[in-house]
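Take this structure first; my questions come after.
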Amino acid sequence: MSRYRHIVLFWLKDASPAGIAEAREKLLSLQGRIPGLVSLEAEPDAERSERSCDLCLDTLFDSKAALDAYRTHPAHLPVIAYMKEHAAKSCTADYPVR
């Protein structure tokens, strides 16, 4: 069984330091609350170039099944709602770790 990485890049409606910090805290609130979530990092982009996102979520799950369960986990749903409201755009990548 292979571990799975789930990465989401967010472009926030409020990309001020306070807006980024608030969104980051929402994402970090998932730590320790999702079965099978091995690691979670949420960090603002350090370069702040015209091609940069505002915030990157990088998670590692112990299996594809754990990633699938995360999508509908009760602790995750309010975070999804918050990010949908506060993100102007996002993109994601999910892949097995080799």
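Kindly indicate whether any position in the stretch 30-40 is surrounded by fewer than 18 Cβ atoms within 10 Å (Cβ to Cβ), of a type in the set (A, V, I, L, M, F, W, C), without any contact (Cβ under 8 Å) to a residue 40 or more places away in the chain and out of contact with any His (no Cβ under 6 Å at 6 or more places or on another chain). Spell out how you get there, then give the answer.
Kept after step one, since they are surrounded by fewer than 18 Cβ atoms within 10 Å (Cβ to Cβ), are these residues of the stretch 30-40: 31-33, 35, 38-39.
With the extra rule that they be of a type in the set (A, V, I, L, M, F, W, C), the set shrinks to 38.
Narrowing further to those that are without any contact (Cβ under 8 Å) to a residue 40 or more places away in the chain: 38.
Narrowing further to those that are out of contact with any His (no Cβ under 6 Å at 6 or more places or on another chain): 38.
Checking the stretch 30-40: at least one residue is surrounded by fewer than 18 Cβ atoms within 10 Å (Cβ to Cβ), of a type in the set (A, V, I, L, M, F, W, C), without any contact (Cβ under 8 Å) to a residue 40 or more places away in the chain and out of contact with any His (no Cβ under 6 Å at 6 or more places or on another chain).
For the stretch 75-92, give me each residue that is in contact with a helix residue (DSSP H, G or I) (Cβ under 9 Å, 6 or more places away or on another chain) and part of a loop (DSSP other than H, G, I, E, B).
76
Same structure again: Does any residue of the stretch 55-67 turn out to be surrounded by fewer than 11 Cβ atoms within 10 Å (Cβ to Cβ) and of a type in the set (Lys, Arg)? Steps first, answer last, please.
We begin by selecting, within the stretch 55-67, every residue surrounded by fewer than 11 Cβ atoms within 10 Å (Cβ to Cβ); these are none.
Scanning the stretch 55-67 turns up no residue that is surrounded by fewer than 11 Cβ atoms within 10 Å (Cβ to Cβ) and of a type in the set (Lys, Arg).
A follow-up question, please. In this structure, does residue 46 turn out to be modelled with pLDDT under 95 and exposed (fewer than 15 other Cβ atoms within 10 Å of the Cβ)? So that I can check it myself, show each step before the final result.
Values: modelled with pLDDT under 95: yes; exposed (fewer than 15 other Cβ atoms within 10 Å of the Cβ): yes.
Answer is yes for this residue.
Also: What are the residue pairs meeting all of these: first residue in the stretch 70-88, first residue in contact (Cβ under 8 Å) with a residue 24 or more places away in the chain and closer than 15 Å to residue 28 by Cβ, second residue assigned to a helix (DSSP H, G or I) and among the basic types (Lys, Arg), Cβ atoms under 8 Å, and 6 or more apart or on different chains?
79/26; 82/26; 83/26
Does residue 97 qualify as being touching a helix residue (DSSP H, G or I) at 6+ places or on another chain (Cβ under 9 Å), of a type in the set (Val, Ile, Thr) and over 13 Å from residue 9 (Cα atoms)? Step through it out loud before you land on a result.
On the way: touching a helix residue (DSSP H, G or I) at 6+ places or on another chain (Cβ under 9 Å): no; of a type in the set (Val, Ile, Thr): yes; over 13 Å from residue 9 (Cα atoms): yes.
In short, no.
Conditions tested, residue by residue: (1) at pLDDT 95 or above; (2) outside any helix (DSSP H, G or I).
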| site | (1), (2) |
| --- | --- |
| 10 | yes, yes |
| 27 | yes, no |
| 50 | no, yes |
| 73 | yes, yes |
| 94 | yes, yes |
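The values are calculated or read from the model by the stated rules, or taken from the named source; none is laboratory data. For clarity, every value in this text was computed on a predicted model and none was experimentally measured. Every residue, glycine among them, receives a Cβ derived from its backbone with ideal geometry; neighbour counts consider all protein chains shown.
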